[in-house]
Amino acid sequence: MAEILIQNADTVLTMDDARRVLHGADVLIRGGQIAAVGQGLETSGETVSGRGCVVTPGLVNTHHHLYQNLTRAVPGAQDALLFGWLQRLYPVWAQFTPDEMFVSAQLGLAELALSGCTLSSDHLYLYPNGSRLEDTIHAARDVGLRFHPTRGAMSIGESDGGLPPDSLVEDEQAILDDMIRVVDAFHDPAEGSMCRVGLAPCSPFSVSRELMRDAALLARDKGVMLHTHLAENDEDIAYSQAQFGCRPGQYAEELGWTGDDVWHAHCVKLDVQEIDLFARTRTGVAHCPCSNCRLGSGIAPVRAMRDAGVPVGLGVDGSASNDMASLSAEARQAMLLQRVANGADAMSAYETLEIATRGGADVLGRPDCGRLEPGKRADIAIWDTTGIASSGSWDPAALLLAGPTQVKHLFVEGKQIIRGGELATLDLPRLIERHGQLAQRLMQ
Ligand SMILES: [Zn+2]
């Protein structure tokens, strides 16, 4: 089996159970796995210099809407609150075809890879004009990222009192049928899997109670994970109390939406009881600090969640509400926001990087990822700390305080995706050009 040796790294942040930090260390990749981590390792295969670099597990993105890369910084949605923002964008998204889904996913995943991400989930909840989940799965294969697409859904359109136009919602039986189709066709439960499918009704306010319940039953039957948006802002809580007579946490619990096979995006407004519920049930949270800031939703109680034992990962969220998809920038924002809420000692750069790597992998049910130790998958980010961003840093491994926001090299399942700061799997300038043309067309 092919070997690659990352040699003589200044620092290796292993994120293993002991959270070991090694200096002058090597990482040996064999096939898709990490074979060894330590000093003085040897290989007859390829070597990659780690000198002047910090090596970390690849970052894990637990929440995204890749298709939204085509609707960044849309006038009229730039300064709107969540519900108004959705109403501005729905008619644009209704024009998407499989081509838009494919190209935007390629671009979004490439952008993530450059920022150190090796594993990303995606939440695709609208399927206009023949779009299908596999449009994004094919894109991920081309870019080379490990991918957890989720089959999202909306079923309550304007004529039923919902927010989305009727053209963007689907019949609930058709949704369930397609969920079964994509799980059967694309979900790989094996260790080292490059593609795992999840089920993900968009939010409690865009599908019926019955679909939430049925999706949970189907997920348990198929052995796949569940994902949705929950408790994102005050409007969200008010809607839950008005429509369901309870808070989002209770609604989720009643419908089977808690457990270690469930993760919810945002959870900005979880109260003490809901945090306790999530901790007891090991229900995961995708924390999306840039999106929460962008939409003015608030500061998620990540410190309290972590202290209670809630699994927390990071998500860049869709590019229409971020509007960048840099996971390293997202991690820095997560660290800063907890400090705004709780003080300068509330979250260290190292703890935040742990949330961004191992934390996210655990949220997605991937204990085989997110740490650098023998037997784990070879998903590795190499950060050059000889550049301007790290210059003068007394602790270059504190990457989120002073460090590069893009990687020098990136490996996924032992394959090099970024080489010398460049995407190695696709012609990026051509992709950007094509993506720009599609965005132009949507503006007309
Ligand atoms: Zn989202």
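Here's a check for you: in the range 43-55, which residue that is of a type in the set (Val, Ile, Thr) and out of contact with any Ser or Thr (no Cβ under 9 Å at 6 or more places or on another chain) is nearest to the ligand (Cβ to nearest atom)? First the steps, then the outcome.
Step one: filter the range 43-55 for residues of a type in the set (Val, Ile, Thr), giving 43, 47-48, 54-55.
Pick out the ones that are also out of contact with any Ser or Thr (no Cβ under 9 Å at 6 or more places or on another chain) and you get 43, 47-48.
Working: THR43: 42, THR47: 41, VAL48: 35 Å.
Of everything passing the filter in the range 43-55, VAL48 is nearest to the ligand (Cβ to nearest atom).
So, TYR90, is that one at pLDDT below 95, within 16 Å of the ligand (Cβ to nearest atom) and part of a helix (DSSP H, G or I) or not? Before you say what the answer is, go through the steps one by one.
On the way: at pLDDT below 95: yes; within 16 Å of the ligand (Cβ to nearest atom): yes; part of a helix (DSSP H, G or I): yes.
Here the answer is yes, as TYR90 does meet what is asked.
Could you grab the pairs with beta carbons closer than 8 Å, sequence gap of 6+ or different chains, first residue in the range 51-68 and free of Cβ contacts under 8 Å to residues at least 24 places away in the same chain, second one away from the ligand (no atom under 16 Å from the Cβ)?
Hits for this filter: zero, empty list.
Return only the number of the condition from (1) within 21 Å of the chain's Cα centre (by Cα); (2) open to solvent by less than 20 Å² (accessible area, probe 1.4 Å); (3) modelled with pLDDT of 95 or more that VAL48 does not satisfy.
Just one mismatch for VAL48, condition (1).
Every residue, every condition in (1) outside any helix (DSSP H, G or I); (2) away from the ligand (no atom under 12 Å from the Cβ); (3) more than 15 Å from the chain's Cα centre (by Cα), yes or no:
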{"position": "ARG280", "(1), (2), (3)": "no, yes, yes"}
{"position": "ALA286", "(1), (2), (3)": "yes, no, no"}
{"position": "GLY298", "(1), (2), (3)": "yes, yes, yes"}
{"position": "ALA304", "(1), (2), (3)": "no, yes, yes"}
{"position": "ASP317", "(1), (2), (3)": "yes, no, no"}
{"position": "ALA329", "(1), (2), (3)": "no, yes, no"}
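Kindly indicate which of VAL340, VAL310 is aliphatic (A, V, I, L, M) and either within 16 Å of the ligand (Cβ to nearest atom) or part of a helix (DSSP H, G or I) (or both). Explain how you work it out, then say what you get.
Working: VAL310 fails: either within 16 Å of the ligand (Cβ to nearest atom) or part of a helix (DSSP H, G or I) (or both).
Every option except VAL340 fails the conditions.
Among all residue pairs at least 6 apart or on different chains, which show Cβ distances below 8 Å where the first residue, located in the range 420-440, is within 15 Å of ASP142 (Cβ to Cβ) and the second is exposed (fewer than 13 other Cβ atoms within 10 Å of the Cβ)?
Taking only residues 6 or more apart or on different chains, the pairs are LEU428/GLU422.
Provide a single number: the residues in the range 385-442 that are open to solvent by 60 Å² or more (accessible area, probe 1.4 Å), part of a strand (DSSP E or B) and touching a helix residue (DSSP H, G or I) at 6+ places or on another chain (Cβ under 8 Å). Write out each step before concluding.
Keep residues of the range 385-442 that are open to solvent by 60 Å² or more (accessible area, probe 1.4 Å), which gives 386, 388, 391-392, 394-395, 401, 405-406, 408, 415, 419, 422, 427, 429-430, 432-434, 437, 440-441.
With part of a strand (DSSP E or B) added as a condition, the list becomes 415, 419, 422.
Keeping just the survivors that are touching a helix residue (DSSP H, G or I) at 6+ places or on another chain (Cβ under 8 Å) gives 422.
Here the count works out to 1.
Out of the range 245-256, which residues are in contact with a helix residue (DSSP H, G or I) (Cβ under 7 Å, 6 or more places away or on another chain) and away from the ligand (no atom under 16 Å from the Cβ)? Before the answer, list the steps.
So in the range 245-256, the residues in contact with a helix residue (DSSP H, G or I) (Cβ under 7 Å, 6 or more places away or on another chain) come out as 246-249, 251, 253, 255-256.
CYS246, ARG247, GLY249, TYR251, GLU253, LEU255, GLY256 - these are the residues of the range 245-256 that are in contact with a helix residue (DSSP H, G or I) (Cβ under 7 Å, 6 or more places away or on another chain) and away from the ligand (no atom under 16 Å from the Cβ).
Counting only residues that are part of a strand (DSSP E or B) and under 25 Å from ALA113 (Cβ atoms), how many does the range 1-35 have? Give the steps one after another, and end with the answer.
Within the range 1-35, the first condition is being part of a strand (DSSP E or B), and the residues that meet it are 3-13, 21-30, 33-35.
If we keep only those that are under 25 Å from ALA113 (Cβ atoms) as well, we get 3-13, 21-22, 25-30, 33-35.
Number of matching residues: 22.
Would you check if ALA219 is hydrophobic (A, V, I, L, M, F, W, C) and within 15 Å of the ligand (Cβ to nearest atom)?
On the way: hydrophobic (A, V, I, L, M, F, W, C): yes; within 15 Å of the ligand (Cβ to nearest atom): no.
Judged against the criteria, ALA219 is not a match.
Can you confirm whether the range 1-16 contains a residue that is in contact with a Pro (Cβ under 9 Å, 6 or more places away or on another chain) and over 29 Å from SER326 (Cβ atoms)?
Here is the first cut: in the range 1-16, the ones in contact with a Pro (Cβ under 9 Å, 6 or more places away or on another chain) are 10-11, 13-15.
Next cut, over 29 Å from SER326 (Cβ atoms) only: none.
No - not one qualifying residue is present in the range 1-16.
Within the range 112-132, how many residues turn out to be more than 16 Å from the ligand (Cβ to nearest atom), surrounded by fewer than 24 Cβ atoms within 10 Å (Cβ to Cβ) and not hydroxyl-bearing (Ser, Thr, Tyr)?
5
Taking into account only those residues within the range 56-80 that are touching a helix residue (DSSP H, G or I) at 6+ places or on another chain (Cβ under 7 Å) and of a type in the set (A, V, I, L, M, F, W, C), which is nearest to the ligand (Cβ to nearest atom)?
Restricting to residues being touching a helix residue (DSSP H, G or I) at 6+ places or on another chain (Cβ under 7 Å) and of a type in the set (A, V, I, L, M, F, W, C), the top hit is LEU66.
The values are calculated or read from the model by the stated rules, or taken from the named source; none is laboratory data. No experiment lies behind these values; they were computed from the predicted model shown. A quick note on method: Cβ atoms are made from the backbone with ideal geometry, for glycine too, and the neighbour counts reach across all protein chains shown. Side chains are part of the model used for accessible areas, which takes the heavy atoms of the whole protein and leaves out ligands, DNA and RNA. Shrake-Rupley method; radii C 1.70, N 1.55, O 1.52, S 1.80 Å.
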